[in-house]
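As structure tokens, the structure follows; a few thoughts come after it.
The values are calculated or read from the model by the stated rules, or taken from the named source; none is laboratory data. Note that this is a predicted model, so its numbers are computed, not measured. FYI the Cβ positions are ideal-geometry reconstructions off the backbone, even for glycines, and counts take in every protein chain you see. Keep in mind that these areas ignore ligands, DNA and RNA; they rest on the heavy atoms of the full protein, side chains included. Shrake-Rupley method; radii C 1.70, N 1.55, O 1.52, S 1.80 Å.
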Amino acid sequence: MGTPVKQNARLIDSLDDALSAIGQIILGKEEQVSLALTCLIARGHLLIEDLPGVGKTTLAHVIAHVMGLDFQRIQFTSDLLPTDVLGLSVFDRENNLFEFHPGPIFSNLILADEINRATPKTQSALLEAMEEHQVTVEGTTRPLPDPFFVIATQNPVHQIGTFPLPESQLDRFLLRIHMGYPGQKAERELLSGADRRDMIEQMQVVFDLKKLKLLQSQAQELHVSDALLDYIQAILQFSRNSNSFEFGLSPRGGLALLNAARAWAFISGHDFVVPEHVKAVLPSVVNHRLLAVRGKESDMTAADIISQTVPIP
Amino acid sequence: MSTEGRKLWALLVGILLVSGPFFPRIPLPVTALSLIMTLWIAAIILNKARQPDKLQRIGLLLLAVLIMSLSFGTLLGRDAGTGFLILLAFLKMLEINGKRDMYIVVYVDYFLIASHFFHAQSPWIAVYVFAAVIYLTSVLILFTDKASTLDTRKRLTMAGRMIFQATPLMLILFLLFPRIPGPLWGLPEDAQAAVTGLGNDMSPGSVSSLIQSEEIAFRVRFEGEIPPHADLYWRGPVFSRYDGQTWRADNTSRHIKVNLIGSESETDIIQYTVTLEPHRRNWLFALNYPTNLQGSGYRLTRELQLLNPKKINSVTRYSVTSDRKLSNYSLFESERLKNLRLPGVGYLNEKTIALARRWRTLAGDDDRRVIEEALRYFREQPFVYTLNPPLLGNNAMDDFLFETQRGFCEHYSSAFVYLARAAGIPARIVAGYQGGEKNPVDQYLIVRQSSAHAWAEVWLDDVGWVRVDPTAAVSPDRIESGIQDAIEERDQLPGILLAGDSIFLKARYHWDSFSYRWDEWVVGFNQDRQFELFRKLGFENADWQGMVIGMVILFILVGAFVGFWIFRQGEGIYQDPVKRAYDRFCYKLAKAGIGRNNTEGPSEYFSRLRGKLAPASAQTAGDIIDRYTVLRYGTAGSPAQQKHFIKRVQNFTARLK
């Protein structure tokens with residue numbers, strides 16, 4: 001095929017190594033792992049929605065380790081303040097001036113655990129940082145490290161005292177995935193194997209920051225043909241005109257779909273994007289952005305409706 | 001609600017929408033059976049009842065046939081036909097099984113909704129029919145909307161848009177489809193139910209019964225000023241035979257063709273166009289004397305009656321030139337005798353004859369004197385113009401002239417004619433309409449049934465037939481301004497005549513103006529009108545062959561336009577030869593039973609395809625799909641690569657055959 005493949009070949013090899021390394025920890029969840037990496041490569045943020053204990057934190061841990069990112073975990077609680085996330089200035093008596101103590105957000109990979117338990121104020125502090133890739137504290141704007149990748153988790157069971165993210169905020173996450181329970185075989189392996197945390201510690205680091213940035217920019221440049229853009233536009237049009245959804249996809253949603261499809265194609269080793277790549281990321285991109293109209297084919301998700309209705313040009 | 005249930009409800013609403021307006025018109029048992037079946041169908045949809053089994057269905061069908069034959073005695077004709085079709089549509093709904101039956105019901109509905117035009121052609125009906133057609137189309141959309149992505153409003157909008165898009169074709173058909181005058185397009189006989197209007201004969205009460213109807217007889221548009229009210233004598237049937245009770249038309253000289261030559265002086269000529277509502281008779285109405293008539297087949301009889309070869313069963317339009325004076329006139333001897341004849345013994349009215357003879361002696365040879373004497377008699381005796389005259393005996397003229405002296409125009413005209421004949425002056429009765437109301441909105445004349453009138457004509461040797469209206473002598477108001485000012489019993493007149501200058505009346509005039517145009521341009525768009533339109537467009541010799549050719553050409557043009565438009569829409573797809581070749585590839589495979597679903601990407605398609613093809617073909621197909629993927633989604637290949645790909649597809653599809 002084209003030359004880009006050869007250029008990328010080494011990167012792809014490393015990516016495969018990373019995937020299989022992560023796969024040793026997160027068992028039987030190849031698709032979720034790939035999507036998580038897709039999200040990272042597409043420079044987006046990831047929302048994992050699932051019950052506690054299905055390996056959300058472990059996934060964040062192992063990605064941070066394998067990809068060579070420094071990792072911070074923020075456990076969101078109802079009394080968490082924005083400054084607890086962003087950091088604050090403390091008066092330094094010795095030097096007689098204010099010194100900024102950066103919060104946990106100044107890391108490459110943030111795990112924002114149970115984001116829906118924090119107050120909207122704290123949530124929006126995080127969401128703003130995600131969007132801007134910088135934080136402004138006490139009038140000073142400070143850039144966040146690059147790459148900057150947030151994995152937020154949300155418990156889908158709406159308990160008392162939680163603040164589920166509104167749809168408009170969900171749009172800020174490039175992808176949303178569900179972990180789901182492990183399969184029989186994976187479960188057995190998990191039960192009989194060693195402690196995952198220890199295994200991560202012993203694992204080899206595959207990527208470093210420089211390599212990861214290269215990966216991101218290479219994926220960004222992946223070829224997209226007019227025919228594929230036609231398909232994405234058809235999807236956007238359908239989501240806006242069809243009766244199945246409360247409202248259509250935003251332009252940001254369209255970009256999200258394109259970037260995610262690109263990163264997915266890149267991970268799959270393609271040097272161009274085909275409609276199947278779009279379809280592969282479709283559920284993770286659109287299901288949290290589109291609200292299927294109630295009372296209609298309730299068992300079909302937005303992605304199902306789209307991929308079964310929109311013809312491929 | 002299940003999709004199936006939704007479809008059935010939509011169908012039920014559709015059939016009620018279509019048959020509902022028929023219910024007041026069809027016999028009660030038919031309506032009752034329809035409504036019972038409606039309830040049954042609703043119960044079936046709600047799972048409260050089961051569909052009728054075979055035996056029940058046969059029973060229902062027999063019941064339907066029984067009801068039809070008891071109510072109508074036939075299954076043929078307009079009313080029986082639509083009634084039976086309604087019952088059959090409901091029966092079909094009862095036994096719906098699958099998609100095909102649903103489509104059948106919708107198509108029957110389409111037919112039924114069109115048959116509303118057999119009954120009436122008013123703008124209201126047209127609006128209703130349009131709405132129903134849009135609804136039925138939305139039901140068809142529901143049937144094809146497999147993913148249920150459209151709600152009712154969206155479906156209706158879509159159907160409306162489709163109907164709107166079809167209007168150019170509708171207009172082409174409306175304007176160009178050959179209107180063949182003749183029985184082919186005629187309504188079945190039972191459609192010609194009785195309507196109000198002048199009859200074939202006249203006896204006391206036959207005109208005054210019309211006075212109470214505000215139905216429109218015809219409308220007239222004049223070229224130039226509307227003549228004064230007193231000149232507006234619309235001639236209809238002529239009655240010259242009298243048996244002592246009833247005046248009848250004499251048909252003996254009908255076949256003789258007459259051409260009138262008018263004085264042709266500018267001031268005497270009146271040109272106008274009449275739009276006649278159907279009255280189920282042959283005659284047309286015109287002012288004295290119709291010298292020129294545009295249109296085909298019309299005839300003028302010796303009695304100066306305008307006749308249409310067929311009964312007027314639909315809105316008819318004709319243009320007439322009338323001349324106030326004639327330059328040629330004559331009277332055959334047989335006609336003179338006919339118009340002098342008095343009824344036989346028992347109905348002789350001796351006192352009347354004596355009175356007429358007295359005038360004749362007084363006047364000598366001067367016929368005009370006699371007429372003046374007669375009119376003076378009517379003027380000076382205490383005659384009353386009334387809607388409710390007392391009954392008359394066998395010697396009706398004697399009773400009326402000397403005793404009751406209360407009557408309506410038919411009394412006055414017949415008494416006058418009787419007197420004239422008794423005095424030896426040929427005379428006859430002319431029935432028709434007198435006057436009319438001007439529509440201030442659109443400057444045309446509305447002639448209602450309430451303007452029905454009868455007057456007399458006498459033969460004067462030096463002038464010809466001369467109109468004499470004895471009613472004018474009794475009640476000049478009737479002729480000068482109209483019935484509403486002339487009559488005692490105003491409360492028996494239709495409200496419209498008494499409404500005065502209210503907003504209501506203005507609205508009525510606006511509405512009438514609209515429905516007049518509707519009659520002129522839509523309902524009355526017949527062959528003449530069609531030819532007239534084409535003459536105006538510059539096609540002098542339009543004939544129906546030309547119209548068919550024109551229709552075909554316009555259809556091709558519209559088709560070409562739509563095709564071009566679709567092509568433009570699809571250009572994005574088809575500018576890519578690779579895509580075209582791939583579509584052909586998929587199309588050929590579809591013929592082999594493994595077509596591509598249009599939402600399937602190439603590799604999805606291949607994974608489905610692989611198992612179903614022979615290994616060798618699968619290999620080639622895989623290669624083709626791989627090449628396609630690279631050429632279409634990768635960096636577009638060189639023209640040589642594209643050609644190569646197309647070639648491969650051709651080879652593959654050739655072998656597939």
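Worth a mention:
- Beta bridges from DSSP with both residues in the protein assembly as shown: antiparallel share about 75 percent, rounded to the nearest 5.
- Here chain A has 51 percent of its accessible surface on carbon and sulfur atoms, given a 1.4 Å probe and all protein chains in place.
- Each residue of region B:420-426 is assigned a 3J(HN,Hα), and the resulting list reads 5, 5, 5, 8, x, 9, x Hz, derived from the Karplus form 6.51 cos²θ - 1.76 cosθ + 1.60 (θ = phi - 60°), x at Gly and Pro.
- In order through region B:124-137: 3J(HN,Hα) via Karplus (6.51 cos²θ - 1.76 cosθ + 1.60), integer Hz, x for Gly, Pro: 4, 4, 4, 4, 4, 4, 4, 4, 5, 5, 4, 4, 4, 5
- For region B:1-101, the square roots of the Cα gyration tensor eigenvalues, ordered a ≥ b ≥ c, give a/c of at least 1.5 with a/b greater than b/c, which places it in the prolate category.
- Ranked by how many other beta carbons lie within 10 Å on average, peptides A:126-133, B:402-409 from highest: B:402-409, A:126-133
- Highest-first packing order for the peptide set A:43-51, A:205-213 is A:43-51, A:205-213, based on the mean count of other beta carbon atoms within 10 Å.
- Spin-label model, B:F118 to B:N47: label points 7 Å out along the Cα-to-beta-carbon direction sit 4.1 nm apart.
- From most to least packed by mean Cβ count within 10 Å, the peptides B:304-317, B:640-653, A:274-287 give A:274-287, B:304-317, B:640-653.
- Proximal lysines to A:K185, defined as alpha-carbon separation beneath 21 angstrom and excluding residues fewer than eight positions away on the same chain: A:K29, A:K56
- Fraction of beta bridges assigned by DSSP in region A:3-215 that are antiparallel (%, nearest 5): 40 percent
- Mean per-residue shielding of peptide A:223-230 is 4, counting Cβ atoms of other chains within 10 Å of each Cβ.
- Amide hydrogen proximity for B:T291: with H placed 1.01 Å from N in the peptide plane, the residues at 5 or more positions away or on another chain lying under 5 Å are B:T321, B:S322, B:D323.
- Compared with the alpha-carbon gap, the fully stretched path from B:Y329 to B:K438 is longer by 35.9 nm at 0.36 nm per residue.
- For region B:201-498: accessible area per residue (Å², 1.4 Å): 41 Å²
- Note on B:D623/B:L16: beta-carbon distance plugged into 1/(1 + (r/R0)^6) with R0 of 56 Å gives a FRET efficiency of 0.40.
- Inter-centroid distance (Cα atoms) of region B:226-242 relative to region B:302-373, Å: 12 Å
- For B:W283, residues with placed amide H under 5 Å, excluding near neighbours: B:N308
- Whole-number accessible area per residue in Å² for region A:3-215, which is evaluated in the context of all protein chains at 1.4 Å: 50 Å²
- Interchain or long-range residues, amide H under 5 Å from A:L175's placed H: A:H45, A:L47
- Solvent-accessible ranking of B:R369, B:R299, largest area first, probe 1.4 Å: B:R369, B:R299
- Each Cα pair under 8 Å and six or more residues apart adds its separation to the average, and for region B:285-365 the resulting relative contact order is 29 percent.
- Degrees between helix B:527-536 axis and first principal axis of chain B (Cα, 0 to 90, nearest 10): 80 degrees
- Accessible area buried, both sides summed, chains B and A with 1.4 Å probe, Å²: 1800 Å²
- Fraction of antiparallel bridges per DSSP, chain B only, in percent to nearest 5: 95 percent
- The alpha carbon centroids of region B:95-154 and region B:433-476 are separated by 49 Å.
- Across chain A, the mean sequence separation of Cα contacts (distance under 8 Å, 6 or more residues apart), normalised by length, yields a relative contact order of 23 percent.
- Per-residue mean of foreign Cβ neighbours for A:302-313 is 3 (Cβ atoms of other chains, 10 Å radius).
- For residues of A:276-285, the mean tally of beta carbons on other chains within 10 Å: 2
- By the Stokes-Einstein formula, at 0.692 mPa s and 37 °C, region B:201-498 with its Kirkwood radius over alpha-carbon pairs has D equal to 168 µm²/s.
- Length-normalised contact order for chain B - Cα pairs under 8 Å, 6+ apart - percent: 12 percent
- Per residue value of the accessible surface for region B:576-656 (all protein chains in place, 1.4 Å probe), Å²: 50 Å²
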